[in-house]
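In what follows, a single structure is set out as structure tokens and then discussed.
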Amino acid sequence: MVHPARQELLAEQHARYIVEFSQNKDSFEYFATEHFRLSGVYWGLTALHLLGRQAALDGAEIVAWVLRCQRPCGGFGGSERHDAHLLYTLSALQILALYDELDCVDVDTVARYVASLQQPDGSFWGDEWGETDTRFSYCALSALWLLDRLHAVDVPAAAAYVAACKNFDGGFGCTPGNESHAGQVFTCVAALDIAGRLDLIDRDLLCWWLCERQTRSGGLNGRPEKLQDVCYSWWCLSALSILGRLHWIDQAALTDFILDCQDEDGGGISDRPEDQVDVYHTFFGIAGLSLMGRPGLAPIDPTFALPVEVVDRLRERRREPVAAAAEAPVA
Amino acid sequence: MHGRPRQKAGPPDPERVKAAQKKAALFGQLSAEVLERRAAKRYDAESLALAGKLLELHPEVYTVWNYRREALQPVLDAGGEAAVAAVAGELALTERALHKNPKSYATWHHRRWAVAKGFCSLERELQLVGQLLEADERNFHGWGYRRFIVQLMGTPAARELEYAEHKINQNFSNYSAWHSRTALLPELHGGGGDGGEDAGAAAALSSALAAARLGAEASAAAAGTATAPAAGDAGHPAEQPSQQQPSQQQAEAQPAAQPRRPPPAGASSATAAVPKEALDEEYELVKQAFFTEPEDQSGWFYHRWLLGCSLAHWERARGTTEEAAERAALLAVLAREEQTCQELLEVEPDAKWPLLTLTRLRELERQVLRSSSSGGGKSSGSGAGASGSEAGSSGAGASGSEAGSSGAGASGSEAGSSGAGAGVGDGGSSAGGGAGLAAEIAGGYARLIELDSLRRGYYEDARDGRAHVVAKPSAAAAAQ
Ligand SMILES: [Zn+2]
């Protein structure tokens, strides 16, 4: 049963919550989230885009700030004072893509940074300190796709490494031998999608495991026998969507669960009903609703976690010069 | 933010607001101080203590871990007493940070980095992570770290398999432990067993690759270090053999770590390596889980994997002289497992997991029976095929246990009645048994849709032959 005040998507309140959060620079959360602020801004901004309220934040100011987070190596830190890392390099490029400002960076410098982190086995380090994780494989491939520089890395090797992380349940872990986790499943499925190797996935097995993440509450968990949580609305749904099995879960029940996690007073969405809201769960709740085609929300791309409109714009632009180049020798 | 209760709306408590502002200001000052010292490349004890304090409060601030590594790298490279003391300090700090946040990626990575330098006791690490997994049995960081340590120590797979069984016996719903078995069993049986030449070679390749990956992981954890600690380095007397592991494996990793190698097999596909006798023991273990916690999904996911392993033995033998024997062995396993499901359903007729598993067992049975009647096998297969097409599901029962087949038939027809006629094309090639099985399968999915409506979409696709989680689509269906 959804709380009476939460039957509808409280779009206005959520937009206000995101804007206020980004402007409250005295809170503990503001300091505590400094090292991943680029991701926080990406979550908030993308949510606003999906809500059709992107104008609520000052784009020029945000783009200028993003550029200040770039380090001399070409990668981006989580904020101005933090070291370069693949996680935040992707967030930075996603924000620039939202504003159609990818031209502001030197594409080849960033691509070189990403490529420098690929290892001989195809995996990626998150930064120079050597943490290896399939999350970074996704960050690398997604970032390079946004830059139109996929060829800067060994894509087949990257896909082979991701495939080596496949488990007995069809899911994926962070390195070979590690347990499946819905968040990791998203990164691996999306990475294989970008690499054009969805054939490496045991589609039915994995999607069955994913639909078993839905609990009686209607919400989804991230691993067997764990609690449901709004953020898995994104991690599980995006993978199911890429693999064409969205209909394997009860979308009406999940929609009710997400709506019931709204805070009707201050806006925002929490992990579970009556918990404290944050920007992360607000974004993933809205993104989940968008994937399920909720009216009033712009559609989101399940692979790139950006509005479909933004991804289409990049695709369109690439098609034109390619077509021109193909005609050139004829002329 | 996870699991923190929402504050009630209304005027905020001024005391609380004041306390929160103070906390924010203090944290802001500490961050600023630490990051300024970092920018100034101050690597003195006082600066590192401040950095440590910040990390204890907030372990995910990765830049500050980078700061500590930057400062300590030269000390560790130099080796000796100072290096041993430095690693001990990092272990103590990461332990406190993990106490604050046991899921901090940055902290776990820092600990691996410190441990990979080889100046500490791996036994102690194993003990500590064992304690953590006692308190937090599903922590996948902890399980991953345990694998890292065990590989550095060169612990045999059999010993870790015992550990996984110990964790399972503590709690049958420990999915992490079941997962661990699926990775360890193929590794344990990789060298030989009755896996045949191909499987043996594949398993050997797979374990070589596992060693290469371990090498890559250890060298990744040691990133930034010019050299792994040399053997005989003063200052780490207790762990001589273990210390050498990273550098040895790094060396081994070199030839394997070429780009464009064929992808190493994931655990989900390395199934034929586990011998049938070992699988039987696993079926027995998981059966105990079913009778203890029939609602828990962990054991059932494991059981699905076991079925895949059993199926792989038969598939590998297709077209060989072993086919008939493998086929009979598989049918016996299916009959035995059907009986287990029937027993559970007698106790709890609406239990979803035994019903789903029973339905899938019947799908597998149909696949086996079909394959023989369509003449896919060599001559030796025809005898077995005849017995299969004679009686369908009861034929499978006959090769296994006597009591099982009648039980399966009884409840099958019951369930079948609700969904019979929900068109499952059975190819028409098999005899009456095939049609009976088809009705039982359709009936099973129809009942599952009623019992577990959240997953209606999946059950419908499975019922109509559009989804295949265990059995493979028939050749006719695949050709469509
Ligand atoms: Zn969450």
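The values are calculated or read from the model by the stated rules, or taken from the named source; none is laboratory data. All of these numbers come straight from a predicted model, not from anything done at the bench. Cβ sites come from the backbone with ideal geometry, for glycine too, and all protein chains shown count toward neighbours. With ligands, DNA and RNA removed, areas are computed over all heavy atoms of the protein, side chains included. Shrake-Rupley method; radii C 1.70, N 1.55, O 1.52, S 1.80 Å.
A few points about this structure:
- All of (1) more than 7 Å from chain B (Cβ to nearest Cβ); (2) among the aromatic types (Phe, Trp, Tyr); (3) open to solvent by less than 10 Å² (accessible area, probe 1.4 Å) hold for residue A:161 with one exception: (3).
- Scoring residue A:254 on the criteria (1) in a loop (DSSP other than H, G, I, E, B); (2) within 16 Å of the ligand (Cβ to nearest atom); (3) open to solvent by less than 20 Å² (accessible area, probe 1.4 Å) leaves a single failure, condition (1).
- When residues of region A:205-219 are limited to those that are open to solvent by less than 10 Å² (accessible area, probe 1.4 Å) and of a type in the set (Gly, Ala, Ser), the one farthest from residue A:288 (Cα to Cα): A:218
- Checking residue B:138 against (1) charged (D, E, K, R); (2) out of contact with any helix residue (DSSP H, G or I) (no Cβ under 8 Å at 6 or more places or on another chain); (3) buried (at least 16 other Cβ atoms within 10 Å of the Cβ), the condition it does not meet: (2)
- Considering region A:271-281, the residues that are assigned to a helix (DSSP H, G or I) and within 11 Å of the ligand (Cβ to nearest atom) include one that is least open to solvent (accessible area, probe 1.4 Å), namely A:281.
- Residue, nearest to residue A:232 (Cα to Cα), within region A:287-298, restricted to residues that are of a type outside the set (Ser, Thr, Tyr) and touching a strand residue (DSSP E or B) at 6+ places or on another chain (Cβ under 7 Å): A:287
- Per-region count, region A:225-249, residues in a loop (DSSP other than H, G, I, E, B), away from the ligand (no atom under 12 Å from the Cβ) and touching a Ser or Thr at 6+ places or on another chain (Cβ under 7 Å): 1
- Meets criteria (assigned to a loop (DSSP other than H, G, I, E, B), open to solvent by less than 10 Å² (accessible area, probe 1.4 Å), within 14 Å of chain B (Cβ to nearest Cβ) and touching a Pro at 6+ places or on another chain (Cβ under 8 Å)) for residue A:122: yes
- Members of region B:1-41 that are more than 7 Å from chain A (Cβ to nearest Cβ), over 18 Å from residue B:61 (Cα atoms) and either of a type in the set (Lys, Arg) or not in a loop (DSSP other than H, G, I, E, B) (or both): B:8, B:14, B:15, B:16, B:17, B:18, B:19, B:22
- Residue within region A:260-270 that is more than 14 Å from every other protein chain (Cβ to nearest Cβ), surrounded by fewer than 24 Cβ atoms within 10 Å (Cβ to Cβ) and over 16 Å from residue A:42 (Cβ atoms) present: no
- Any chance residue B:293 is more than 30 Å from residue A:162 (Cα to Cα), touching a residue at least 60 places away in the same chain (Cβ under 8 Å), open to solvent by less than 20 Å² (accessible area, probe 1.4 Å) and of a type in the set (D, E, K, R): no
- Just one of the numbered conditions (1) open to solvent by 50 Å² or more (accessible area, probe 1.4 Å); (2) free of Cβ contacts under 8 Å to residues at least 12 places away in the same chain is not true of residue A:81: (2).
- Test result for residue B:88, among the hydrophobic types (A, V, I, L, M, F, W, C), over 30 Å from residue A:229 (Cβ atoms), open to solvent by 60 Å² or more (accessible area, probe 1.4 Å) and modelled with pLDDT of 95 or more: no
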